[in-house]
Each structure stands twice: as structure tokens, then as C-alpha cells.
Amino acid sequence: MPETVGPPLLWPTGRCGHRPPCPAADAADRSAAVALTRDYVTAWALLCNQVIHFDDGGDLLPSGECIAPASRSAA
């Protein structure tokens, strides 16, 4: 069962109430937002900006757009 951290802290404008505010879903650093709910078994977290972040680095944006994990090059 997912671990619930707390209720979403959203202002009427749709922005979160964290200080400093979490990055928007379309920002490059969107994965830095606070995790509200996390499921360690299936490896995902619902972030404050409504992005679903997967432990492999991929993201599912609120618009439905999928962001593939960054490719890792062999060193």
C-alpha cells in the first residue's frame, strides 16, 4: 500500500504551499518537488506538482506526457 505523507498543500492558484515552492510540473527540475505519496513496491511517487515520478528517473506529467528516464552511458 502506498505511504501517504500528507494532504496536498495547494493554494487556490494551483501552486503548493511549501516554502520555497515546489517546481512546476513543466519545469526542468520538476522531480525536486515534495513527494506526497510513495509506493516502494511499484517504485513511484506522486509529487506535490502532480507529477508521478518513477524510481528509474521517468516522469508522467499531469498533462499525460511521458518523460523517459535519462539514458546512462557506460563509463
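Across the range 30-45, the qualifying residues are those that are in a strand (DSSP E or B), open to solvent by less than 60 Å² (accessible area, probe 1.4 Å) and in contact (Cβ under 8 Å) with a residue 12 or more places away in the chain, and the one among them that is farthest from His18 (Cα to Cα) is Asp39. The residues of the range 51-68 that are without any contact (Cβ under 8 Å) to a residue 12 or more places away in the chain and either surrounded by 15 or more Cβ atoms within 10 Å (Cβ to Cβ) or in contact with a Phe, Trp or Tyr (Cβ under 7 Å, 6 or more places away or on another chain) (or both), listed by number, are Ile52, Gly58, Leu60, Ile67. Report yes if Ala25 is hydrophobic (A, V, I, L, M, F, W, C), at pLDDT 90 or above, surrounded by 10 or more Cβ atoms within 10 Å (Cβ to Cβ) and not in a strand (DSSP E or B), otherwise no. Yes: the conditions hold for Ala25.
The values are calculated or read from the model by the stated rules, or taken from the named source; none is laboratory data. Please read all numbers here as calculations on a predicted model, not as lab measurements. As a convention, Cβ positions derive from the backbone with ideal geometry for all residues, glycine included, and neighbour counts pool all protein chains shown. Note: areas computed on protein heavy atoms with side chains; ligands, DNA, RNA excluded. Shrake-Rupley method; radii C 1.70, N 1.55, O 1.52, S 1.80 Å.
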